[in-house]
Every structure is written in structure tokens, then in C-alpha cells.
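Here's a structure for you.
The values are calculated or read from the model by the stated rules, or taken from the named source; none is laboratory data. What you are looking at is a predicted structure, and each value in this text was computed from that prediction instead of being measured. For neighbour counting, all protein chains shown are included, and Cβ atoms are generated from backbone atoms with ideal geometry for every residue, glycine included. Please note that ligands, DNA and RNA were not included when accessible areas were found on the heavy atoms of the full protein model with its side chains. Shrake-Rupley method; radii C 1.70, N 1.55, O 1.52, S 1.80 Å.
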Amino acid sequence: MAIDRQEAVEALERLGLSNYEAKVFIALQTLGDGTAREVYRLAEIPRSQVYGAAESLEEQGLVEIQQSSPMRYRPVSIEEARTILHERFEQERDRAFDYLETAQERFDPEGEQREDVWSLQGREHVDARVEQLVGDAEATVLFGASDVTLVPDPIRDALVEKRRGGLSVQVISESPEVHELFEGREIGTYYPPEQDQSRHGGRLLVADGDAVLLSVLTEGDSGGQEAAIWSEGTGLATVLATILASLFDESSGAVRSS
């Protein structure tokens, strides 16, 4: 497909030539050879820029300079120029991708898993994440809340719905009011071991053994601001899930109320 002069200049720039170098090279290919005066008239660049651009093209092997008065410039053949620019393009491509491969190996080695842990601020945001993690669960859910205000209707309903769907759902809380929310719902409710009761309110969620959320009320009561961390599908989440599940099973002292 034919292109115009400006498109040819832009194409040569993409191959590594400067704007002036590209214009001088095109002018010389058009002229066959020429002086700086002849080149600048055709290239439409300042005459003072012809000398620097031509010397740079000579260093790149694209132009020959005749030491005469005035000096004359002659481009290499189009095939030779094609080969030079093609080889340089390949070299620069290889250098760039060699670096990218090295950087990838350095910062993301094969077999290394990103251990993403995300933070949340605010009761509504924590509510939404708990509801989403419960909704995504496919086998087991362990949910804990220190206060009934931390079990809004959408979360309670999501837990009940999962139990109706055949999942194992357990709720742990030191608050009798939380236990009352799940009476008659076929959901096992537990009081935590006395030594594990926290001075700070908050929530915990373990879903399918590979999703974990832990929150704390920063003001220490049911009206406090809530902050949480959560992780899903990572090695860290699996380890935390295993630890939390073991802390709140009956063998560790958790007491079943229903």
C-alpha cells in the first residue's frame, strides 16, 4: 500500500531514526546524492540541521560522506538500508524482551503465588464483602460475630440460604442474641472458648477453606468503626482458614448451643 512522505517519515522514526534523520535520508534517496544545500531544500528542514543528521546517519551506516568542498552526501542502497534497520530493530526488540523476561523472573518467579491481602474500612464495605464471600461459598462456611449488630439481615439470609442449599454452615459468637437469630435454621451455633474471647468486637469468616475475612471494631464496641482484612484463593488464606477452624471447633473448647 502506497504511503505519502509524512507517513514514510513516521515509519522511519518508528524504526529508530530521528525526525531530521528520516527527512534527510528520504531526501538523499530521492536525490541519489547531494550537498547540504540541496538536501535542506528538499527535506524542508533548517540547513544547519542537515550536517548533524547526515553525520548521525553515517555513524549508523546509512549514509556515506564525500570529503569535498562542499561536502556531498550519498545514501546506501535501499536494500542495504533495509537490512541495517531490520537488524537494528531485531536487536532492540531482543534487548527489550530479554529485560522483560529477566524482570518477570526476578519479581514473579515461576511457581510463586501472589499472596494478596486486601483491607476494608467501614461497616458497609465489610458487610458487602462478607455477603459476597458467603454467596461464593460452595462447601463450608464458618462465620463469627461478637455482636448482633454485625449480622444484618442480608448476611443472616445468605447464611441461611447456604444451609438450605446443603452447605455446612457454622456460626460462632459470645452473644446470645446472635445465637437466637439462627434458632430453628439447622445451623450449628457455638460459643467460643473462654480464653479466645476478645476484648475487641469484630467478625470472622472462613469459606471453603480458602477464603478468610477478619475484622475489628476500632472503638471496641458495637457502635465502633469497622476495619477488616481479607484474602481469597491464596496460600495465606488457606493457612489462616485452617488455624481459625481449629480454634473454634468443639475439641478446642467451643461450646455448641444448637
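Can you give the FRET efficiency for residue 80 and residue 19, using 1/(1 + (r/R0)^6), R0 = 35 Å, r = Cβ-Cβ distance, to the nearest 0.05? Intermediate values should be presented prior to the final figure.
Working: r = 22 Å, r/R0 = 0.63.
That gives a FRET efficiency of 0.95.
What order, most packed first, do the peptides 68-80, 48-60 have when packing is the mean number of other Cβ atoms within 10 Å of each residue?
Working: 68-80: 13.6, 48-60: 17.5.
Those peptides, ordered most packed to least, come out 48-60, 68-80.
A follow-up question, please. Would you mind calculating the gained length between residue 48 and residue 94 on full extension (0.36 nm times residue separation, minus the Cα-Cα distance), in nm to one decimal? Numbers along the way, then the final one.
On the way: separation 46, 0.36 × 46 = 16.56 nm, distance 3.52 nm.
Roughly 13.0 nm would be gained on extension.
How much length is gained if the chain between residue 149 and residue 6 is pulled fully straight, taking 0.36 nm per residue apart and subtracting their Cα-Cα distance, in nm to one decimal?
Numbers: separation 143, 0.36 × 143 = 51.48 nm, distance 6.87 nm.
44.6 nm is the gain from fully extending residue 149 to residue 6.
How many angstrom lie between the C-alpha centres of the stretch 127-146 and the stretch 20-44?
The stretch 127-146 and the stretch 20-44 have Cα centres spaced 72 Å from each other.
So, one more: How large is the translational diffusion coefficient of the chain in µm² per second when you combine the Kirkwood radius over alpha carbon pairs with Stokes-Einstein at 37 °C and 0.692 mPa s?
Stokes-Einstein gives a translational diffusion coefficient of 136 µm²/s.
Pop out the carbon and sulfur fraction of the accessible area of the stretch 127-185 as a percent, whole number, probe 1.4 Å. Write out the running numbers ahead of the final one.
Details: 1100 of 2700 Å².
About 41 percent, which is the carbon plus sulfur part of the accessible surface.
With n ≥ 4 as the cut-off for DSSP H runs, can you work out [θ] at 222 nm for the chain, using -39500 (n - 2.57) per run divided by the number of residues, rounded to the nearest 500? Working shown, then result.
On the way: 9 runs with 119 residues, N = 258.
Per the formula, -14500 deg cm²/dmol.
So, in nm, how far is label residue 69 from label residue 183 when the simple model puts each one 7 Å beyond its Cα toward the Cβ?
For the pair residue 69/residue 183, the computed spacing is 11.3 nm.
At a 1.4 Å probe radius, carbon and sulfur cover how many percent of the accessible area of the stretch 2-96? Don't skip to the end; give the middle numbers.
Working: 2780 of 5820 Å².
After summing per-atom areas, the C and S share lands at 48 percent.
Measuring with a 1.4 Å probe in the full set of protein chains, what accessible area per residue, in whole Å², belongs to the chain? Don't jump to the answer; show the numbers that get you there.
Details: 15260 Å² over 258 residues.
Value returned for the chain: 59 Å² of accessible area per residue.
Accessible surface of residue 214 in the full protein assembly, 1.4 angstrom probe, to the nearest 10 Å²?
That residue has around 60 Å² of solvent-accessible surface.
Another question, then. Which far-off residues, 5 or more places away or on another chain, put their amide H under 5 Å from the one on residue 72, with H placed in the peptide plane?
66
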